[in-house]
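What follows is a single structure, written as structure tokens, with notes after it.
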Amino acid sequence: MGHSQDSDQGSENKAYLPAPSDFPSVVEDTLSNLPRFPKLERLSVEFPFGDEAITNGFYHAEAPEEPAQIEEREQRAGWRALMRNTYAAISSNGPGVVKGLSLRNIVAKESMAWITPGWRGFLGGLERFELSLRGGENGAGWCMSTNEGYQDFVGALGRLFFNHLGGATHLTGCFTDEGPAGINEIRLTALPFHAGQMPRLQHISLSYVFICPPFLTLLNSHAETLRSVRLEKCFAIYGPDSSMS
């Protein structure tokens, strides 16, 4: 790929350090006290990236990370500290404060805030969960799915999110043209679905995935509760003649 893990780490080393102005106290206070808005039902989270960040975003997902690396990089990279602080503030509200959560265009990097009991409890109180991943390519034909870090992140979505959605009735998952998911093959990752997830699931919508055994297992295990299944731009087969449906 012409790009090493060292250069990926170097790009984060050059990132600006966390500063109080990145996450003002008024923002933290608002996100940590959502019960102030008794009619609030849905929360949508998306982090904007400038041109340089978008250009380098492909490499942010190149290498898998151990928990110690995640924690250390969230302390020295401002953009990662911002995400950690945001998720930590949201999860401090406890379960049931909002009915829906949408995480939009997220970078394939784990956050230490996602492995806390507070976050998992917050997920357990949701009725609707929407997740979309940031795609990308390096301009030389290497797509997001070729990055080991992206593959590792997709494989962790069950541990980070799906396993904790005990109250969810609606699931929306949007992967990307540059990083589809669904089969455990070279440069691709199986969908981390299993029969015990999301016991109340009624509606599921997926984009840019392969129809795979784990997905079928999830569907079959929810035959008594499912009301709608929506598949957009999904692969029905994998091979030279693969097509999107």
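The values are calculated or read from the model by the stated rules, or taken from the named source; none is laboratory data. Note that the structure is a prediction, hence the values are computed from the model and not measured. We place every Cβ from the backbone using ideal geometry, glycine too, and count neighbours over all the protein chains shown.
If you take the residues in region 74-89 that are among the hydrophobic types (A, V, I, L, M, F, W, C), more than 14 Å from ASP29 (Cα to Cα) and part of a helix (DSSP H, G or I), which one is nearest to the chain's Cα centre (by Cα)? The selected residue is MET83. Going by the conditions given, is THR189 surrounded by fewer than 21 Cβ atoms within 10 Å (Cβ to Cβ) and either of a type in the set (Val, Ile, Thr) or within 18 Å of the chain's Cα centre (by Cα) (or both)? Spelling it out, it is not the case that THR189 is surrounded by fewer than 21 Cβ atoms within 10 Å (Cβ to Cβ) and either of a type in the set (Val, Ile, Thr) or within 18 Å of the chain's Cα centre (by Cα) (or both). All conditions in (1) under 21 Å from the mean Cα position of the chain (by Cα); (2) at pLDDT below 95 hold for MET244, with the sole exception of (1). Checking each residue of region 203-210 against the condition of being among the aromatic types (Phe, Trp, Tyr), crowded, with 21+ Cβ neighbours inside 10 Å, at pLDDT 90 or above and on the phi > 0 side of the Ramachandran plot gives at least one match.
Please determine whether any residue of region 45-61 is modelled with pLDDT of 90 or more, buried (at least 16 other Cβ atoms within 10 Å of the Cβ) and either assigned to a loop (DSSP other than H, G, I, E, B) or in contact with a Pro (Cβ under 8 Å, 6 or more places away or on another chain) (or both). No, region 45-61 contains no residue that is modelled with pLDDT of 90 or more, buried (at least 16 other Cβ atoms within 10 Å of the Cβ) and either assigned to a loop (DSSP other than H, G, I, E, B) or in contact with a Pro (Cβ under 8 Å, 6 or more places away or on another chain) (or both).
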